[in-house]
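Read through the structure below, which is laid out as structure tokens, and then see the notes.
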Amino acid sequence: MLTSSLLLSLALGLTTGLSLIVAIGSQNAYLLRLGVTSSRRMMLPAVTVCALSDAVLISAGVLGVGALIESAPTVMFVVRMAGAAFLAGYGLFALRRVVHPVALSDDGQPPAAKSLLSVLLTVLAFTWLNPHVYIDSVVLLGALAHQQTHPLWWAAGAILASFVWFAALGFGARALRPLLARPRAWQVLDAGIAVIMFVLAARLLISA
């Protein structure tokens, strides 16, 4: 039976998880664009991979992996360099789309669909090549979980936040399709994505 104390821990984990994940970062920006251009059948695996990855990272933090990450600066340096290169590369692709914008077809569908494999590999790269994911999900959330009366329930709330947010972002992005019927709207979206990618890449290089 769920007691008020357990429910409170679950709710606190949920709100803390949302406060960290809702900020528009590289992963969220990619899912937003993917949600506009892809079918629901394509979005479900992408959203699931993002949420499950977060669940693994948060669980690792609760199990104490955060201490190992903090004691391995060389590993984090390599991850920062790889992440910066990936983000900068994706930013360049976004800039290319600004120069050569696309538009939805007359029936509201994207002009071309990506393969599921390429989408999943990109989602995995955005998740696992982002050092901030390890700092936020593993180190920070792991430390916060151990300060709670019911750490497992608190962690469950944080994991639930990931599933709720990614589902809302991925499937809710379809509502933007009417706004993106013209190439100019795509140019604005992709320009914003490019800025996000370049800023995050620069931050990784500076922090390295």
Exercise for the section: Starting from region 195-208, keep only residues that are assigned to a loop (DSSP other than H, G, I, E, B), then list their pairs with residues that are surrounded by 15 or more Cβ atoms within 10 Å (Cβ to Cβ) whose Cβ atoms are within a distance under 6 Å, requiring at least 6 positions of separation or different chains. Expected result: Ala208/Arg80
Problem - In region 122-175, residue modelled with the lowest pLDDT [restricted to those that are surrounded by fewer than 16 Cβ atoms within 10 Å (Cβ to Cβ) and outside any helix (DSSP H, G or I)] - result: His146
Problem - Filtered residues of region 31-47 (kept if charged (D, E, K, R) and either farther than 21 Å from Met197 by Cβ or free of Cβ contacts under 8 Å to residues at least 12 places away in the same chain (or both)) - result: Arg40, Arg41
Handout entry: Matching option when the condition is in a helix (DSSP H, G or I), at pLDDT below 85 and within 25 Å of Lys114 (Cβ to Cβ), among Arg41, Arg80
Key = Arg41
Practice task
Determine which member of the set Ala23, Ala55 is assigned to a loop (DSSP other than H, G, I, E, B) and among the aliphatic types (A, V, I, L, M).
Solution key: Ala23
Handout entry: Val119 being over 15 Å from the mean Cα position of the chain (by Cα), assigned to a helix (DSSP H, G or I) and of a type in the set (Val, Ile, Thr)
Key = no
Fill in the blank from the handout: Condition set among the small types (Gly, Ala, Ser) and out of contact with any Leu (no Cβ under 6 Å at 6 or more places or on another chain), scope region 157-180, selection farthest from Met76 (Cα to Cα): answer is Ala175
Handout entry: Subset of region 1-43 that is among the basic types (Lys, Arg) and more than 20 Å from Leu189 (Cα to Cα) - its residue that is surrounded by the fewest Cβ atoms within 10 Å (Cβ to Cβ)
Key = Arg41
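The values are calculated or read from the model by the stated rules, or taken from the named source; none is laboratory data. Keep in mind it's a predicted model, so treat the numbers as computed, not measured. All Cβ positions, glycine included, derive from the backbone under ideal geometry; neighbour counts span all protein chains shown.
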